[in-house]
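Just so you know, all these numbers are worked out from the coordinates, no wet-lab data involved. Keep in mind that what you see is a predicted model, and the values were worked out from it rather than measured. Note that each Cβ is placed from the backbone with ideal geometry, even for glycine, and that neighbours are counted across all protein chains shown.
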Amino acid sequence: MKTGIIIIALVILFVVSVVWFRQPKETVENRIDSIADVLIPDPISQAVISGAIDTESKTGQLFLVSTSEDVGQALRGLKDDRYFFEIKSRLPEIDREVFYYNVWLVRQIPYGYFSLGEMITNDDGDFVLVWESQDNNNYFGYTEIVITRQEFSGSKDPSIHIVEGEFGE
């Protein structure tokens with residue numbers, strides 16, 4: 001007798017569960033029309049982002065990745081309303097027939113990077129690069145500096161990080 005009551009209770013529970021599961025769910029009233037609405041930071045997150053990323057500094061120190069030794073400095077600013085970037089660094093010697101040093105600027109939010117080009121040596125033996133933008137874009141959001149050792153016959157993507165730095169550090 002008890003077994004029959006338990007079986008009937010389980011069948012009733014099963015039927016109620018199936019009916020509940022098959023009911024239409026409530027529709028969400030607050031739909032987002034565009035992904036752009038989500039990507040626009042609110043005032044609080046914008047304040048956090050602005051405080052965390054130094055887009056105002058004009059100088060940045062450069063450090064060897066392997067030893068954290070200070071090896072140079074980068075400068076940035078506006079010249080004739082166009083962004084410019086200058087770097088001077090004491091880098092380890094390399095076989096200039098096979099390798100070259102390439103400078104990259106990195107932006108964290110939203111993530112992006114681009115190459116400024118190959119470094120050359122000046123009369124003092126320091127590696128240098130002077131770059132001016134060809135457009136009126138603002139590159140001050142790119143706050144990190146990376147120098148990589150690239151192979152002439154290798155990939156053009158960033159390779160081994162030799163030096164890293166950041167504006168405002």
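Details
- Counted charge near TYR100, where neighbours are those whose Cβ lies closer than 12 Å (Asp, Glu -1; Lys, Arg +1): -1
- Neighbourhood charge, 9 Å Cβ-Cβ cut-off, centred on ASN136 and excluding it, Lys, Arg +1 and Asp, Glu -1: -1
- The calculated FRET efficiency for the pair ASN138 and GLU118, based on their C-beta separation and a Förster distance of 25 Å, comes to about 0.55.
- In terms of surrounding Cβ atoms within a 10 Å radius of their Cβ, SER89, SER153, SER68, SER115 rank from fewest to most as SER153, SER68, SER115, SER89.
- THR59, THR3, THR143 arranged by Cβ crowding within 10 Å, fewest neighbours leading: THR3, THR59, THR143
- Relative contact order of region 80-147, pairs being alpha-carbon contacts under 8 Å that are 6 or more residues apart, as %: 45 percent
- For region 80-166, the list of trypsin sites (Lys or Arg not before Pro) that fall in a loop by DSSP and count at most 15 other C-beta atoms within 10 angstrom reads ARG90, ARG96, LYS156.
- The alpha-carbon atoms of region 52-167, seen along their principal axes, cover 37, 31, 29 angstrom, with the largest extent given first.
- Each peptide in 11-21, 69-79 was scored by the mean count of other Cβ atoms within 10 Å over its residues; highest first, the order is 69-79, 11-21.
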